[in-house]
1. Somewhere in segment 1-16, is a residue crowded, with 16+ Cβ neighbours inside 10 Å, of a type outside the set (Gly, Ala, Ser) and either at pLDDT 90 or above or outside any helix (DSSP H, G or I) (or both)?
2. Counting just the residues of segment 60-81 that are aliphatic (A, V, I, L, M) and under 11 Å from Pro17 (Cβ atoms), which one comes out surrounded by the most Cβ atoms within 10 Å (Cβ to Cβ)?
3. Could you tell me whether Pro104 is assigned to a helix (DSSP H, G or I), of a type outside the set (Ser, Thr, Tyr) and either surrounded by 14 or more Cβ atoms within 10 Å (Cβ to Cβ) or on the phi < 0 side of the Ramachandran plot (or both)?
4. From the residues in segment 12-49 that are of a type outside the set (A, V, I, L, M, F, W, C) and in contact (Cβ under 8 Å) with a residue 24 or more places away in the chain, which one is nearest to Ala78 (Cα to Cα)?
5. Tell me yes or no: at least one residue of segment 124-131 is among the β-branched types (Val, Ile, Thr), surrounded by fewer than 15 Cβ atoms within 10 Å (Cβ to Cβ) and at pLDDT below 95.
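The values are calculated or read from the model by the stated rules, or taken from the named source; none is laboratory data. Since the model is a prediction, treat every value here as computed from it, not as a measurement. So basically every Cβ, Gly included, is an ideal-geometry build from the backbone, and we count neighbours across all protein chains shown.
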Amino acid sequence: MTTRPPTTRPHSTWRLPALLLAVQTAVLVVFAVVLVVVAISGSSDDAGRAATEGGTVLALAVCSGLLSWGFWRERSLARTPSLLWNALAVIVGITVATSGAPLPGVLVILVGAITFLATLRVPTYDLDDDHKDDDDNNNE
């Protein structure tokens, strides 16, 4: 039985998408907090709707944060969901840009596209990735 040599990639391969997704997470958390504050302060005509939107955006922030954490821990399993996430971010950016908010829309498009491209550099998922920590612990 032959074993493949371990593929080592520079940390930047993993860290760049992790940091870009962390930025997305931070923006989503701020947006969720603003929506909840609007709901609590009564600045919205429909406080329930603002609170629900805040909760939804917070749930999306958790998803983005988990993807970021996966990349930070060098888990290629985060690659495919991140590609989908960022492709959808580009679509959302186009929608926002064409709906009367061109600057935020363009920013969302740029961040989504850059993160998508950075994620392409991450290696594809390999079943051996599941046993990476197990092998490291057995060699001690």
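1. Yes, that holds for at least one residue.
2. The qualifying residue surrounded by the most Cβ atoms within 10 Å (Cβ to Cβ) is Leu67.
3. Criteria met by Pro104.
4. The residue in question is Pro17.
5. Scanning segment 124-131, I find at least one residue that is among the β-branched types (Val, Ile, Thr), surrounded by fewer than 15 Cβ atoms within 10 Å (Cβ to Cβ) and at pLDDT below 95, so the answer is yes.
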